[in-house]
Every structure is written in C-alpha cells, then in structure tokens.
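Structure provided below as structure tokens; questions to follow.
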Amino acid sequence: MIEVEHLTRRFRRGAETVTALDDVSLTLGPGELTVAAGPSGSGKTTLLSIIAGFERADAGRVRFAEPLPPDAPPESLTWRHLAFVPQGLALLDELTVAENVELPALLDPDAGPGRRTAELLDGLEIGHLADRYPSLTSGGEQQRTAIARALRLLPPVLLGDEPTGHQDRDRILLVVALLRAHAYAGNVVLISSHDEAVIDLADRVITLADGRVVSDDRPGARPAASAR
Ligand SMILES: Nc1ncnc2c1ncn2[C@@H]1O[C@H](COP(=O)(O)OP(=O)(O)O)[C@@H](O)[C@H]1O
Ligand SMILES: [Mg+2]
C-alpha cells in the first residue's frame, strides 16, 4: 500500500553534511503494527516526516496505492487518508480536547462518519477531559488527544513519531493495543519507538542505524524451532 523507494535525505550542519536517510526502500502493507526502531539520530523522524509529506527527500520517492489515491503526492493527502501523530503533537490550544479530536472531521465534512469522538476519548482514558484545553492537561493526556485525533477518520495510513513517549507503562499498553487494532482492521500503521515494551508488541520491526535499514523482522512469525 506504500512503497518507499530509495529515499535519501541529507542535512547541512555547519560545514558537515549529515545523511539522515541513506537509500531506504520499504514496502508497508496493511494488517500489521510496524515499528521503526533504532537509536536517537538513526533517521526515524525523517522517514516518517517524508512519508507524511512534511519533509522532502533529496532522492527517491514514496508511492501510495489503493485505497489511497494511487500515486498521490504525500502533500495532497488529508486526515481521511493519512494521519500523523507528530512528536510535538501539534494540538491547537484555542480548542478543547474534544474539539481537537473533531478537527479532522470539521475540516473534511465529506470524509464519512469515522469514529465517535466520545468513544475515542473514553478508550484513551481522557473522556473526563473532553472540555478542557490541552495546555491544562498532562503531556501524556495531550499525546493521547493527538492519537484520538489521528484515529478520528479511520485513516488507511496512520503514522506516529514515538506516540507512547509520554505514557506510563499501563498507557503504553493501552495505546499500542489501539494502534494494533487499527492495523488489524486493515490499515497501515507505522510508528517509531525505541521503547522495548513497544518493540515487543510489534508485528514487524524495522531497525534503522545511521539512516540505513539494518534489519527488518517479523518477530512473532519466526518458526518455533528458531526461538531462543
Ligand atoms: N532539520 C534538521 N537539520 C539538521 N539535521 C537534522 C535535521 N533533522 C534531522 N537531522 C539529523 O538527521 C539525523 C536523523 O535524525 P532523525 O530523523 O530526527 O532521527 P531519529 O528520529 O531516529 O532520532 C540526525 O543526525 C539528526 O541530527
Ligand atoms: Mg525522532
């Protein structure tokens, strides 16, 4: 459903050039929770940002296939196609928690019913905060608000940059369970994380180092004979 082809991205840092992504190719399909792992600086955020259309590549391209508009440029996709939980969350502080979650639906009235905001908020244990402004909630609650917003229109592609980074252990499990359920409903879900608890629950783990894919595994799919 998404083909990442030979993506390369370089940044200039003073006199140096940093290669954030170095010829990365991947196919991402629906039905599994994929985690991009790897240490800080390995290229996870750059990869997600290019797929989401927030960042350009110096070389290579991202191709979308059905049910997304085939070959759509990433920047032409809306929340109903592709939702992103950025590390900075990007909530609007003039809107309440519930209004932030409603925003994708308000901006795209033809998108279809999607999921009910109240149900999403309850599922993420922030139902009691619906009418509060995000700045008056915790970092973890703000992050769960951004996750609810991303799920609002049931997008065929959901990307999250360390979407459990502000959660405690129980809420990590809650968030991962919701993201997995979205994947298992037939959608592409790709998140970055360096948290072992998240990586353990992934169906597929793509590990980056210095902008390259160094491993791409489906841990649960390993035959029992090779289990340690
Ligand atoms: N806007 C930028 N300007 C300069 N260097 C950047 C920029 N964004 C990322 N980089 C560099 O690219 C590399 C990959 O960064 P990033 O994709 O953020 O990695 P990760 O998310 O895995 O920590 C790092 O060396 C980082 O410093
Ligand atoms: Mg990052």
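Could you go through the stretch 31-53 and let me know if any residue there is buried (at least 18 other Cβ atoms within 10 Å of the Cβ), away from ligand 2 (no atom under 16 Å from the Cβ) and assigned to a loop (DSSP other than H, G, I, E, B).
Looking through the stretch 31-53, none of the residues is buried (at least 18 other Cβ atoms within 10 Å of the Cβ), away from ligand 2 (no atom under 16 Å from the Cβ) and assigned to a loop (DSSP other than H, G, I, E, B).
Related question: Would you say residue 127 is open to solvent by 10 Å² or more (accessible area, probe 1.4 Å) and of a type in the set (Gly, Ala, Ser)?
In short, yes.
Further, regarding this structure: Can you tell me which residue among 118, 148 is without any contact (Cβ under 8 Å) to a residue 60 or more places away in the chain, surrounded by fewer than 20 Cβ atoms within 10 Å (Cβ to Cβ) and away from ligand 2 (no atom under 16 Å from the Cβ)?
Values: 148 fails: surrounded by fewer than 20 Cβ atoms within 10 Å (Cβ to Cβ).
Result: 118 is the single residue among 118, 148 that is without any contact (Cβ under 8 Å) to a residue 60 or more places away in the chain, surrounded by fewer than 20 Cβ atoms within 10 Å (Cβ to Cβ) and away from ligand 2 (no atom under 16 Å from the Cβ).
Could you check the stretch 9-23 and list, in sequence order, the residues that are open to solvent by less than 40 Å² (accessible area, probe 1.4 Å) and either in contact with a Leu (Cβ under 6 Å, 6 or more places away or on another chain) or among the acidic types (Asp, Glu) (or both)?
Once the filter is applied, which keeps residues that are open to solvent by less than 40 Å² (accessible area, probe 1.4 Å) and either in contact with a Leu (Cβ under 6 Å, 6 or more places away or on another chain) or among the acidic types (Asp, Glu) (or both), the stretch 9-23 yields 9, 21.
Here's a follow-up. Yes or no: residue 107 open to solvent by less than 30 Å² (accessible area, probe 1.4 Å) and hydrophobic (A, V, I, L, M, F, W, C)?
Spelling it out, it is not the case that residue 107 is open to solvent by less than 30 Å² (accessible area, probe 1.4 Å) and hydrophobic (A, V, I, L, M, F, W, C).
I've got another one for you. Could you tell me which residue of the stretch 90-101 is nearest to residue 29 (Cα to Cα), considering only residues that are in contact with a helix residue (DSSP H, G or I) (Cβ under 6 Å, 6 or more places away or on another chain) and crowded, with 18+ Cβ neighbours inside 10 Å?
Among them, the one singled out is 101.
Can I ask one more? Answer yes or no: is there a residue in the stretch 95-113 that is in a loop (DSSP other than H, G, I, E, B), away from ligand 1 (no atom under 16 Å from the Cβ) and at pLDDT 90 or above. Steps first, please.
Initially, the stretch 95-113 is screened for residues in a loop (DSSP other than H, G, I, E, B), giving 95-96, 108-113.
Add one more test, that the residue is away from ligand 1 (no atom under 16 Å from the Cβ), and what stays is 95-96, 108-113.
Next cut, at pLDDT 90 or above only: 95-96.
Looking for residues that are in a loop (DSSP other than H, G, I, E, B), away from ligand 1 (no atom under 16 Å from the Cβ) and at pLDDT 90 or above, one finds at least one in the stretch 95-113, hence yes.
Let me ask something additional. Please give the number of the condition residue 63 fails out of (1) assigned to a strand (DSSP E or B); (2) out of contact with any Asp or Glu (no Cβ under 6 Å at 6 or more places or on another chain).
(2)
On to the next question. Only residues in the stretch 46-67 that are farther than 21 Å from residue 18 by Cβ and free of Cβ contacts under 8 Å to residues at least 60 places away in the same chain count as the first member; pair them with residues that are among the aliphatic types (A, V, I, L, M) and surrounded by 15 or more Cβ atoms within 10 Å (Cβ to Cβ), Cβ under 7 angstrom, at least 6 apart or cross-chain, and list the lot.
As it stands, the answer is 53/77, since those pairs meet every condition given.
For residue 87, all conditions in the list (1) open to solvent by 30 Å² or more (accessible area, probe 1.4 Å); (2) more than 16 Å from ligand 1 (Cβ to nearest atom) hold save one; what is the number of the exception?
Single failed check for residue 87: (2).
Any residue in the stretch 65-81 that is over 13 Å from the mean Cα position of the chain (by Cα), within 11 Å of ligand 1 (Cβ to nearest atom) and open to solvent by 60 Å² or more (accessible area, probe 1.4 Å)?
No, because not a single residue in the stretch 65-81 is over 13 Å from the mean Cα position of the chain (by Cα), within 11 Å of ligand 1 (Cβ to nearest atom) and open to solvent by 60 Å² or more (accessible area, probe 1.4 Å).
Does residue 26 fit the bill of being open to solvent by less than 70 Å² (accessible area, probe 1.4 Å), within 16 Å of ligand 2 (Cβ to nearest atom) and under 24 Å from residue 216 (Cβ atoms)? If you could, list the steps in order and put the result at the bottom.
Values: open to solvent by less than 70 Å² (accessible area, probe 1.4 Å): yes; within 16 Å of ligand 2 (Cβ to nearest atom): no; under 24 Å from residue 216 (Cβ atoms): yes.
No, not satisfied.
The values are calculated or read from the model by the stated rules, or taken from the named source; none is laboratory data. Please read all numbers here as calculations on a predicted model, not as lab measurements. When we count neighbours, we look across all protein chains shown, and the Cβ atoms used for this are built from the backbone with ideal geometry, even at glycine. The area values use the complete protein model at the heavy-atom level, side chains included, leaving out ligands, DNA and RNA. Shrake-Rupley method; radii C 1.70, N 1.55, O 1.52, S 1.80 Å.
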